[in-house]
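For reference, the structure is listed below as structure tokens.
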Amino acid sequence: MRNILTQRLAALVVLAAFVFSFAPVGAPVYAAYPEPVRGKRAMVASQHELASKIGADVMKRGGNAVDAAIAVGIALAVVYPEAGNIGGGGFMVIRNAKGENFAIDYREMAPKAATRDVFVDKDGNLIRGEGGSTIGYRASGVPGTLAGFDLAFRKYGSGKITWAELVRPARLLAENGYILSHRLAELAKAYREHLAKYPDSNRIFLNNGKYYQEGDLFKQPELAQTLGRIEKQGAKEFYTGQTARMIADDMKANNGLITLEDLKNYVAKERTPLKGTYRGHEIISMPPPSSGGVVMMQVLNMLEAYDIRKLQSNSAAKYHLYIEASRRAFADRAEFMADPDFANVPTFGLIDKKYAEQRRASINERKASSSRDIKFGEPAGAESMDTTHYTVVDPSGMVVSNTYTINDLYGSRVTIKGTGVLMNDEMDDFAARPGRPNLFGLVQGERNKVEGGKRPLSSMTPTIVLRKDGSVWFALGARGGPRIISAVMQSIINVIDHDMDIQEAIDAPRVHHQWLPDEVLHETYGLSPDTISILTGFGHKLATNTGNIASATGIMIDEKGVRLGAIDSRSDGLAVGF
Ligand code: GLY
């Protein structure tokens, strides 16, 4: 009898411990967060202090958030060269003070000569290294950054600041140089293997093999000249002027695909912003060719049925639901998502709340499913078949959420001869071999195959979240390939369900699951051994050595209108406000 009682008592203690680990216990357990940077009127949150200051200065002189975002973007090409760019592309989501939303797609386009099997050799194997989709001249799509900035400037700029004034600060930074941080000096060394193969990259970023040290003055004279031409002649210089000719010539000399005609034909496009809701808060994000907004809305729609607040921010129970929802949304991503100008993408079917109900139905709250068994769903409308983010808020309340990229850090590693322009390797965001993993391990389908003139599918998720009264609450985005989506949605959940401020929400630990490979990425100090053991008990496979899961930046506007800027503690940068 005594034994039975002891056993029952022991069972109760275990049960209580299990239940307690899911029970509400107050505020998030991670106590040490920096305060967000405060600004009464305006704020720029970017991954480099100099770029943020340039943006803030534009707004002090009467420019709006779009003007500032352009100046920040061009400055980051100089001071954050591994991801900031004029040789890549991205997405800009804008909300003006009247509450109108806009989305500018300046994603790279595949050169006309690119075809489905351009990255496959005669034996059907993926080409690795030079000639493949990640390294070298053929890895680049036609850059869209300057065309996108030009479109944003003409349609949504304040009209009070000239184009030249937005380019000049970046040109001066390239000409006069800036002091290299420890991070940037070491990062270039870490990427030396491939950078060293391309003479201009080797000279500019590796000092011809002598390397730069922390504290060195880093100048980029060729980039300064290129920016000087763009400052005087406008963005069109990059597409039809001397810079275009230099890009086309260097491509031709090195078996690249981009021609003068490809550059001339590049177009930035306006898309209808993607809209959804989470617990009554409107969310505005980027539609395809980014998968970011759609995957995020699918996951949030699935999670809305659960009491996430009660489960607490870092419980195994919450992570389990999040992982299961992600698994299903990423399975749909692989099948359905691509450039909507080339493939039928059932965007509205995918983000429909009824569809989320169907997808959610197979989630077991205590048991992991296997990605082998989770196929894509049946949304209505379907037919068969290194990046950086910055956010700007101006005195009027206009918000810009911008993510742009050259894909991998230092992109294709190719700097076009004589221009200082580091090119993207965005062709790897296509399904280089449909059904096989890319740089990020993502498996993608036929819809996202390579085709001339098409935009590769992206995960970039520049997003704006509103309060229930329709005013802007916060805006954010991240770098990190498909992990961007996880960083943005978990930050949103942290604010809405767990009452965190923007800095806490961005800094809190996160997990990532992208359907395939079937494993949960988690951060070095992100999950306690207890949480890991519960998740493993549910049947999840946890990856080892994940490192950080993306890095985000964002701005929140508090009830008094104060702008609160936040840079992820996982990376560098500084928010600057006034
Ligand atoms: N190149 C990363 C992305 O666009 O998702």
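Observations
- Over the chain, dividing the summed -39,500 (n - 2.57) contributions of all DSSP H runs of at least 4 residues by the number of residues returns a 222 nm mean residue ellipticity of -11000 deg cm²/dmol.
- Extension gain (nm, one decimal) between residue 249 and residue 305, 0.36 nm per residue minus Cα-Cα: 14.6 nm
- Averaging 1/r over each pair of different alpha-carbon atoms in segment 429-578 and inverting the result gives 17.1 Å, the Kirkwood hydrodynamic radius.
- Packing here is the average count of other Cβ atoms within 10 Å per residue, and on that basis the peptides 307-316, 266-275, highest first, run 307-316, 266-275.
- Rg in Å to one decimal, and Dmax rounded to a whole Å, for the chain via C-alpha atoms: 23.4, 91
- Shape of segment 103-228, Cα gyration tensor, a/c cut at 1.5: oblate
- Between segment 300-328 and segment 130-182, the alpha-carbon centres lie 38 Å apart.
- When only Cα pairs below 8 angstrom with a gap of at least 6 residues are kept, segment 466-509 shows a relative contact order of 25 percent.
- Computed from the C-beta positions of residue 530 and residue 440, the FRET efficiency with R₀ = 22 Å rounds to 0.15.
- The value of relative contact order for segment 224-379, using C-alpha pairs under 8 Å at least six residues apart, is 18 percent.
- Relative contact order (percent, whole number), segment 420-578, Cα cutoff 8 Å, 6+ residue spacing: 19
- Sorting 515-521, 467-473, 405-411, 529-535 by their mean Cβ neighbour count within 10 Å, with the most densely packed peptide first, gives 405-411, 515-521, 529-535, 467-473.
- Among 72-78, 128-134, the order from most to least packed when residues are scored by Cβ within 10 Å on average: 72-78, 128-134
- Scalar couplings 3J(HN,Hα) for segment 400-411, obtained by applying the Karplus form with A = 6.51, B = -1.76, C = 1.60 to θ = phi - 60°, are 10, 10, 10, 10, 9, 7, 10, 6, 5, 4, 6, x Hz; x denotes Gly and Pro.
- Spin-label proximity, residue 182 to segment 197-214 - amide N less than 20 Å from point 7 Å beyond Cα toward beta carbon: 211-214
FYI, it's all coordinate maths here, none of it is from the lab. Remember, it's a predicted structure, so these values are computed and weren't measured experimentally. Ideal geometry is used to build each Cβ from the backbone, glycine not excepted, and the neighbour counts take in all protein chains shown.
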